[in-house]
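First the structure, in the form of structure tokens, and then the observations on it.
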Amino acid sequence: MQEKEKTYESSKELLSSLNFVVIDLETTGGNPETEKIIEIGMVRIEDRKITEERSFLVNPQKEIPDFVQKLTGIRKADVEHSPKIEEVIDEIVEFIGDSILVAHNTSFDIPFLNGVLKKLQRPTMDNKVICTNIMTKYMIPDIMSSNLQYMSQIFGIHHSHAHRAIEDARATGLLLLKYLDIFESKNIRKINQLYYPRNKFELDRAIIDAHEGLDKVYETLALISNPCVLTVKGDNGVILTILPIKSPKDEVEDLKAYLGDFRWSQIHIRLCGPFIEGLFFMNANFVKIPETYRKKSIEYLKKKHKLPPAPRLMDEHDFVVTPHLISGQFIVYSFLNFSPYSQLIFKFPSHKKKLHQFLLGQVTRFETQQKGKKKVFIQNDIRDIFLSLFHDSLAKEPQVYLTLRIADIKDEKKAYLDKIEKLSETEVDRYNFPTKHL
């Protein structure tokens, strides 16, 4: 398909002009050179609506491995009277036409399809291609798993029979339509941005340029009820301030008084899960702020949050677990080696092993290298306000935070995992992200 050069009046007009065919394959294995297709599902999208579907069971003329039968539910009896791939390939190619090809894993589906065409000495597909899996990783950078079932879950897409081609193709098509709505809301202007949606379309952040004005900043903040981080940048990208904000929509008036004096070029707003995530971001980057502006930032935070110091915070906790911004994910913070980097984002329950290795590694380092002494890496300028705000967050929302001790990690039964499971059951989709996004 040739690149469209037309200039569109709006994102809506551009996106509505594009035709897509979403494809999903089920196969006997992962190697397109030796394995065969057993099912094909295709969904056509025109004017941002699903307009047609096509599905084929295919006789692979070879045994279907047991693991594939268990995964897909497709047995030998289901395909032995089905057409061979060469008997339906013309219909498949005709259905696709010159549409943009979409799959949730194009590196798997497209080579398989082109492999068939090569073996039949037919021209391979040279359509433009979009991978919704890669698109997801660009748009939700912190996501730990982007498989189709999980994406369907967090976007509320009905997906009843995973690993059946037409069901997977339909779910992928609905995911694509969700993303097209987002691209319109973010005012996409170039078709190429569909293929490489980076540095502009991340769902957890908004970047506002100076020519858009502070009113745009305030309008954006007024729509946010969850915690966020506000970063103000001056000329040449110099960071002028970083503010973790608990309830942005309630803090707009204070920020109007604070931000009016800045000569800024960009303001970044980034959603957090828990407020303490914003504190960690501030701690990691505060040293980059020029000294004059550091003082200004600290004055604002102290005036906004009149809190007593929390000197015993480090003694009271070894680890703290809390829900992440993304549904199904969590963050664990280590108090044994307390720094902006001693944390892990994990998906529960699928990352149990990864979580345990992280915790055990922190404990081993604490006991051997640190000789049982906790290390605390907090920027001196913000140490008091950091600890006070951290302690205040734990005290005011105890149901959101789970404290673990070293003994919990060493417990052979790993009973702490039951505690995390209970937290995961009570704090389901706390932040409603990415359904609700910037």
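The values are calculated or read from the model by the stated rules, or taken from the named source; none is laboratory data. Everything numeric here is computed off the predicted structure, so don't read it as measured data. With ideal geometry, Cβ positions are generated from the backbone for all residues, glycine too; neighbour counts draw on all protein chains shown. What goes into the accessible areas is simple: the full protein's heavy atoms, side chains included, and nothing from ligands, DNA or RNA. Shrake-Rupley method; radii C 1.70, N 1.55, O 1.52, S 1.80 Å.
Considered as a group, the residues in segment 385-396 that are of a type outside the set (Gly, Ala, Ser) and touching a residue at least 40 places away in the same chain (Cβ under 8 Å) include one that is surrounded by the fewest Cβ atoms within 10 Å (Cβ to Cβ), and that residue is ASP392. Of the set (1) open to solvent by 80 Å² or more (accessible area, probe 1.4 Å); (2) at pLDDT below 95, all apply to GLU87 but (2). Scan segment 114-132 and tell me whether some residue there is touching a Ser or Thr at 6+ places or on another chain (Cβ under 9 Å), closer than 30 Å to HIS324 by Cα and in a helix (DSSP H, G or I). Scanning segment 114-132, I find at least one residue that is touching a Ser or Thr at 6+ places or on another chain (Cβ under 9 Å), closer than 30 Å to HIS324 by Cα and in a helix (DSSP H, G or I), so the answer is yes.
If I go through segment 361-375 residue by residue, how many of them are among the small types (Gly, Ala, Ser) and either in a helix (DSSP H, G or I) or touching a Phe, Trp or Tyr at 6+ places or on another chain (Cβ under 6 Å) (or both)?
Result for segment 361-375: 1.
If you go through segment 48-65 one residue at a time, do you hit one that is more than 23 Å from ILE96 (Cα to Cα), touching a Lys or Arg at 6+ places or on another chain (Cβ under 7 Å), surrounded by fewer than 16 Cβ atoms within 10 Å (Cβ to Cβ) and not charged (D, E, K, R)? Within segment 48-65, one or more residues are more than 23 Å from ILE96 (Cα to Cα), touching a Lys or Arg at 6+ places or on another chain (Cβ under 7 Å), surrounded by fewer than 16 Cβ atoms within 10 Å (Cβ to Cβ) and not charged (D, E, K, R).
Condition test on TYR258, is it touching a Phe, Trp or Tyr at 6+ places or on another chain (Cβ under 6 Å), of a type in the set (Phe, Trp, Tyr) and over 22 Å from SER327 (Cα atoms)? Answer is yes for this residue. When ILE110, ILE157 are checked against the criterion of being part of a loop (DSSP other than H, G, I, E, B) and of a type in the set (A, V, I, L, M, F, W, C), ILE157 stands alone in meeting it.
Comparison of ILE378, ILE382, ILE409 shows that the only residue that is surrounded by 13 or more Cβ atoms within 10 Å (Cβ to Cβ) and assigned to a loop (DSSP other than H, G, I, E, B) is ILE378.
Considering the conditions (1) in contact with a helix residue (DSSP H, G or I) (Cβ under 9 Å, 6 or more places away or on another chain); (2) open to solvent by 10 Å² or more (accessible area, probe 1.4 Å); (3) touching a residue at least 60 places away in the same chain (Cβ under 8 Å); (4) not small (Gly, Ala, Ser), LEU101 is excluded by exactly one of them, (2).
Does HIS163 fit the bill of being touching a strand residue (DSSP E or B) at 6+ places or on another chain (Cβ under 9 Å), of a type outside the set (Lys, Arg) and assigned to a loop (DSSP other than H, G, I, E, B)? Here the answer is yes, as HIS163 does meet what is asked. Filtering MET151, MET144 for residues that are modelled with pLDDT of 90 or more, in a helix (DSSP H, G or I), among the hydrophobic types (A, V, I, L, M, F, W, C) and under 13 Å from the mean Cα position of the chain (by Cα) leaves a single hit, MET151. Among the residues here, LYS371 does not qualify as basic (Lys, Arg) and at pLDDT 95 or above.
Taking residues in segment 11-25 that are among the acidic types (Asp, Glu), and partners anywhere that are part of a helix (DSSP H, G or I), the pairs with Cβ atoms closer than 7 Å and at least 6 places apart or on different chains are ASP24/ASP109; ASP24/ALA165; ASP24/ASP168; ASP24/ALA169; ASP24/THR172.
Restricting ASN236, ASN226 to those that are polar (S, T, N, Q) and without any contact (Cβ under 8 Å) to a residue 40 or more places away in the chain reduces the list to ASN236. Among the residues that make up segment 207-217, is at least one of them within 24 Å of THR435 (Cβ to Cβ), open to solvent by less than 20 Å² (accessible area, probe 1.4 Å) and touching a residue at least 60 places away in the same chain (Cβ under 8 Å)? The answer is yes; a qualifying residue exists. Filtered by the rule that a residue be open to solvent by 30 Å² or more (accessible area, probe 1.4 Å), more than 21 Å from LEU223 (Cβ to Cβ) and of a type in the set (Phe, Trp, Tyr), segment 255-294 gives a lone residue, TYR293.
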